[in-house]
Each structure stands twice: as structure tokens, then as C-alpha cells.
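Asker: Please find one structure pasted underneath; my questions will follow.
The values are calculated or read from the model by the stated rules, or taken from the named source; none is laboratory data. What you see is a predicted model; the values in this text were computed from it and never measured. No Cβ is skipped: glycine too gets one built from the backbone with ideal geometry, and neighbour counts run over all protein chains shown. Heavy atoms of the whole protein, side chains included, go into the accessibility calculation; ligands, DNA and RNA do not. Shrake-Rupley method; radii C 1.70, N 1.55, O 1.52, S 1.80 Å.
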Amino acid sequence: MKKVLISIISVIAIIAILIVGKIQMDKYRVKSIVHSEEVKVVVEKIIKGFDETNLTESGVVKSYRIDYDYSEKNPMGGISIRVIVNNDEEQEIKTVINKYSSSNAYENGIIFTSPKLSKILREHNKGK
């Protein structure tokens with residue numbers, strides 16, 4: 001009886017270790033992808049897509065930073081990221097980054113902008 005109990009506990013412990021290891025590997029993978037140059041290129045493409053003058057002196061968006069603490073694997077595929085614009089937590093862009101086998105490059109999925117950033121971008125584009 002003791003041997004059976006020890007065997008069951010051993011199997012459960014091994015399964016738990018494998019699951020925790022898989023979760024940690026996924027977190028490391030997400031972290032390394034989000035810190036890559038390829039993702040920075042995608043983020044800058046998104047920002048310049050709002051207005052070509054962004055990330056220049058005459059643009060609305062002067063700077064950005066990726067919130068690495070927010071980044072996580074998306075259940076539908078890809079990696080969810082949050083971009084903070086002009087060092088203002090209320091100006092943010094959220095998107096999902098995917099890597100498709102056909103292009104072998106990272107691309108963004110749907111883009112959400114915070115209400116404050118949306119308003120600023122709309123007002124800037126109205127003046128053109």
C-alpha cells in the first residue's frame with residue numbers, strides 16, 4: 001500500500017514539475033520576443049500608421065515604451081503587448097503580435113487605443 005501511494009505521489013510531482021517548467025519556458029519565450037528588435041519595428045509601424053509625422057518633433061507621438069510587465073501569451077495566439085505613449089499611462093496602445101509562417105515576420109493584429117490617445121490623434125488629424 002505504501003509503495004502504491006509513493007508511486008502516485010511521485011507521478012503527481014513529476015507532472016507538476018513538467019507543467020511549471022512549461023509555464024516558465026513560455027514566459028521566457030514571450031519576454032525574449034517582446035524585447036526583440038522585430039517587435040520594436042512593428043510598434044513603430046503601428047505608431048507611424050496613425051500619422052507619418054509621429055516619432056518626430058512635429059508629430060503627436062514623440063516617444064513610446066513597451067510595458068514589459070503587461071506582455072503575455074494571448075489565448076487566441078500571439079502575444080498581447082501594451083505600449084505607453086509619451087510617457088503617459090493614459091495614452092496607450094494595446095495590440096497582439098503574431099508571427100505567421102507565410103511571411104516569417106511579426107505582424108500586429110487588432111489595435112486598441114485608449115480614449116485619451118484616440119481623442120488626441122483625432123484632433124491632430126482634423127487639423128490637416
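Asker: Could you do me a favour and compute the accessible area per residue for the chain, 1.4 Å probe, result in Å²? It would help to have the intermediate numbers written out before the result.
Answerer: Values: 8900 Å² over 128 residues.
Solvent-accessible surface per residue comes out at 70 Å².
Asker: Report the Cα-based extents of the chain along its three principal axes, largest first, to the nearest Å.
Answerer: 80, 33, 21
Asker: Provide the packing ranking of 91-100, 47-56, i.e. peptides ordered by the mean count of other C-beta atoms within 10 Å per residue, highest first.
Answerer: On the way: 91-100: 18.2, 47-56: 15.4.
Sorting 91-100, 47-56 by mean packing, highest first, produces 91-100, 47-56.
Asker: Of G109, P75, N54, whose Cα points farthest to the positive end of the dipole of the chain (charges on the beta-carbon: +1 Lys, Arg; -1 Asp, Glu; origin at the Cα centre)?
Answerer: P75
Asker: Further question on the same structure: Place a +1 charge on the Cβ of each Lys and Arg in the chain and a -1 charge on the Cβ of each Asp and Glu, then give the dipole magnitude about the Cα centre in debye, rounded to the nearest 20. Before the final figure, lay out the partial values.
Answerer: Numbers: 20 positive and 16 negative charges, 119 e Å.
The calculated dipole for the chain is roughly 580 debye.
Asker: On to the next question. In sequence order, what are the phi-derived ³J(HN,Hα) couplings for region 29-36 according to the Karplus relation 6.51 cos²θ - 1.76 cosθ + 1.60 with θ = phi - 60°, rounded to whole Hz, with x for glycine and proline?
Answerer: 3J(HN,Hα) across region 29-36, in whole Hz: 4, 4, 4, 5, 5, 5, 7, 7.
Asker: Starting from the amide H of G59, placed 1.01 Å from N in the peptide plane, find each other amide H under 5 Å away whose residue is 5 or more places distant or on another chain.
Answerer: none
Asker: If each of D69 and N104 carries a label point 7 Å out from its Cα toward its Cβ, how far apart are those two points in nm?
Answerer: Computed distance between label sites D69 and N104 equals 3.8 nm.
Asker: Along the Cα-to-Cβ line of T53, 7 Å from the Cα, sits a label point; which residues in region 92-128 have backbone N less than 11 Å from it?
Answerer: 124-128
Asker: Tell me which of L5, I17, V41 sits at the most positive position along the dipole axis of region 1-41, charges placed on C-beta atoms (Lys, Arg +1; Asp, Glu -1).
Answerer: Most positive-ward Cα: L5.
Asker: Let me ask you something else. Based on Cβ point charges of +1 for Lys and Arg and -1 for Asp and Glu, what charge dipole magnitude is obtained for region 28-78 about its Cα centre, in debye rounded to the nearest 20? Mind showing how you got there, number by number?
Answerer: Details: 8 positive and 9 negative charges, 40 e Å.
Dipole size: approximately 200 debye.
Asker: Using only Cα atoms, find the angle between the long axis of helix 37-50 and the longest principal axis of the chain, and express it within 0 to 90 degrees, rounded to the nearest 10.
Answerer: That works out to roughly 40 degrees.
Asker: All other residues with a Cβ under 11 Å from the Cβ of K119 taken together, and with Lys, Arg as +1 and Asp, Glu as -1, what is their net charge?
Answerer: Working: positive: K116, R122, K126; negative: E90, E123.
Taking every Cβ under 11 Å from that of K119, the sum is +1.
Asker: In the neighborhood of K45, defined by Cβ-to-Cβ distances under 14 Å, what is the net charge if each Lys or Arg adds +1 and each Asp or Glu adds -1?
Answerer: Working: positive: K40, K48; negative: E37, E38, E44, D51, E52, E107.
Net local charge, K45 excluded: -4.
Asker: Let me ask something else about it. Quick check: residue separation of V4 and E123 times 0.36 nm, minus the Cα distance between them. What number comes out in nm? Each step should come with its number before you reach the end.
Answerer: On the way: separation 119, 0.36 × 119 = 42.84 nm, distance 7.06 nm.
Length difference between fully extended and current span is 35.8 nm.
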